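Enquirer: The structure is given below, and queries will be raised subsequently.
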Amino acid sequence: MKPSTLQLQHYHFTSLSIAVAEGFDLSKMESGESPYPPIEPKDLKVEIRAGEPESDGSELFVVGVAVAYEPPAQSGFPYEFSAAVEGVFTLDATEEGQDREKIVVVNGAGMLMGAIREQLLTLSARHRFGPMLLPTLDLRQLAPEQKTEAPAKTKAKRKAAKPAKKSKT
């Protein structure tokens, strides 16, 4: 086994919220064979941002993933939630061209979705209506080879963080 060309160096949550959905009616809660209430992936609001710091020779990339869900009125789903996480990745310099962006966006976002999924599962396990598990998403449509961009993808170049200058007042 060998290490991946994409390495997660660090990630942190910028926001995380879970609450019982307003107007939730326990009698309408859907039950099935799974211990988790079902979520339709199409109902999730997912935003993915990717960029790299502007510096010569940098192999650092920043990927951000935000997920939100508000169940429809009178839904059988007990929670509304939102989470946002940012990750810093390094990519082996041997990766070139468009494959670089594909590796960073698709694989980086997938890793961060796993972190969100696990955090929401952990938090909801201590809530009144039990644990929820986000569905696994296929993020391959984010790959840059496609002629039309997926609406969930926004690409922004990021500058390396610099200390703020003090203003003279």
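The values are calculated or read from the model by the stated rules, or taken from the named source; none is laboratory data. In this text the structure is predicted, and so the values were computed from the model without any measurement. We place every Cβ from the backbone using ideal geometry, glycine too, and count neighbours over all the protein chains shown.
Enquirer: Identify all residues within segment 94-137 that are charged (D, E, K, R) and modelled with pLDDT of 90 or more; write none if there are none. Can you show your working first?
Expert: Going through segment 94-137, the residues charged (D, E, K, R) turn out to be 95-96, 99-102, 117-118, 126, 128.
Result: Arg117, Glu118, Arg126.
Enquirer: Select from segment 68-113 the residues that are over 23 Å from Lys28 (Cβ atoms) and free of Cβ contacts under 8 Å to residues at least 40 places away in the same chain and write down the one among them that is surrounded by the most Cβ atoms within 10 Å (Cβ to Cβ). Working first, answer last.
Expert: Filtering segment 68-113 for residues over 23 Å from Lys28 (Cβ atoms) gives 83-113.
If we keep only those that are free of Cβ contacts under 8 Å to residues at least 40 places away in the same chain too, we end up with 93, 96-97, 99-100, 106, 110.
On the way: Ala93: 10, Glu96: 7, Gly97: 8, Asp99: 14, Arg100: 19, Val106: 21, Gly110: 17.
Across segment 68-113, the extreme among qualifying residues is Val106.
Enquirer: So which residues in segment 10-59 are part of a helix (DSSP H, G or I) and either at pLDDT 85 or above or touching a strand residue (DSSP E or B) at 6+ places or on another chain (Cβ under 8 Å) (or both), if there are any at all?
Expert: Those that are part of a helix (DSSP H, G or I) and either at pLDDT 85 or above or touching a strand residue (DSSP E or B) at 6+ places or on another chain (Cβ under 8 Å) (or both): Pro41, Lys42, Asp43.
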